[in-house]
Amino acid sequence: MFLFSFLTLHLNAKDFESPFPPTAPGIQIPNAHVLKENKLMRGMDPSRWIEDLKTANINQILIFKNNSRHSVTKEIKVLKKAGYKMNQIHHIPFLWKDMGGFKKTCLQTIEALQKIKNVMNTPNQNLYFHCTMGEDRTGYLAGLYRILNDHWTVSQAFQREMCERGYAGGNPYKPMERVTLPLRKELTVHFVQMLKLIRSKKLRWERLDPRICEHEPQVTRNEVESYFCEPQPL
């Protein structure tokens, strides 16, 4: 498990967190970064820093991970105790390995992007989205958002929203065999498949159509291997 391996190699269980510091003003949540001022923020699991969410006027939470070790159940309990209502908490059980095939992960990705889009189009709604460490699944989603909505190049999105925030090998403390390699074999492959849908104009911000998930894009090994994150300085 990524959590066990990361704690064993780098951090005490009491203090486990992403080693990447936040850049969001006034926020202490590790790996927290603003994608759209007063509207959209990404980061790691905020359970220990709920007051930071309140300070940033975050009123919508997207939990983009599975309920491993009941982590989602525990987070929802903490959020509710802090005053968040269930209609402000959204959960998509997105996996980082053993993902279950293209269609499932594609549909979950479209659902997450649609949630972000809905918030962007709704006055007075501000969204924080995250996985566990705010690095891999969060980086994947942030990268796609940047390409689709902000019209960043693929290279910009991959480097700045993924590698520089700890995606796969971008985090030098991440266990290679147990985490980085499985990510390259599954989540990175899926990222490249979604890029093919974007390049073919089947996936557009203006039309997040779940029907595009019916047909799996074919990608080559060379295409996938070109998306490789070097360890980032910390």
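The values are calculated or read from the model by the stated rules, or taken from the named source; none is laboratory data. On a predicted model such as this, the values are computed, not experimentally measured, just so you know. Here Cβ is always computed from backbone atoms with ideal geometry, including for glycine, and neighbour counts include all displayed protein chains.
Numbers for the structure displayed
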read-out: Close pairs (9 angstrom Cβ cut-off, 6 or more residues apart or separate chains): touching a residue at least 60 places away in the same chain (Cβ under 8 Å) and over 30 Å from residue 172 (Cβ atoms) in the range 121-142, of a type in the set (Val, Ile, Thr) and part of a loop (DSSP other than H, G, I, E, B) anywhere; value: 126/58
read-out: Candidate set: the range 168-198, residues that are assigned to a loop (DSSP other than H, G, I, E, B) and touching a Leu at 6+ places or on another chain (Cβ under 8 Å); chosen: the one nearest to residue 229 (Cα to Cα); value: 172
read-out: Any chance residue 197 is over 30 Å from residue 50 (Cβ atoms), surrounded by fewer than 24 Cβ atoms within 10 Å (Cβ to Cβ), among the aliphatic types (A, V, I, L, M) and modelled with pLDDT of 95 or more; value: yes
read-out: From 67, 87, residue being loosely packed, with under 15 Cβ neighbours inside 10 Å, within 16 Å of the chain's Cα centre (by Cα) and without any contact (Cβ under 8 Å) to a residue 60 or more places away in the chain; value: 67
read-out: Single residue of the range 30-84 satisfying the filter (of a type in the set (S, T, N, Q) and in a loop (DSSP other than H, G, I, E, B)) that is nearest to residue 150 (Cα to Cα); value: 38
read-out: Test for residue 157: is it part of a helix (DSSP H, G or I) and more than 21 Å from residue 227 (Cα to Cα); value: no
read-out: Output for the range 199-234, where each listed residue is in a helix (DSSP H, G or I) and either within 30 Å of residue 21 (Cβ to Cβ) or without any contact (Cβ under 8 Å) to a residue 24 or more places away in the chain (or both); value: 199, 211, 221, 222, 224, 225
read-out: Lone unmet requirement of (1) part of a loop (DSSP other than H, G, I, E, B); (2) in contact with a helix residue (DSSP H, G or I) (Cβ under 7 Å, 6 or more places away or on another chain); (3) closer than 26 Å to residue 179 by Cβ for residue 116; value: (1)
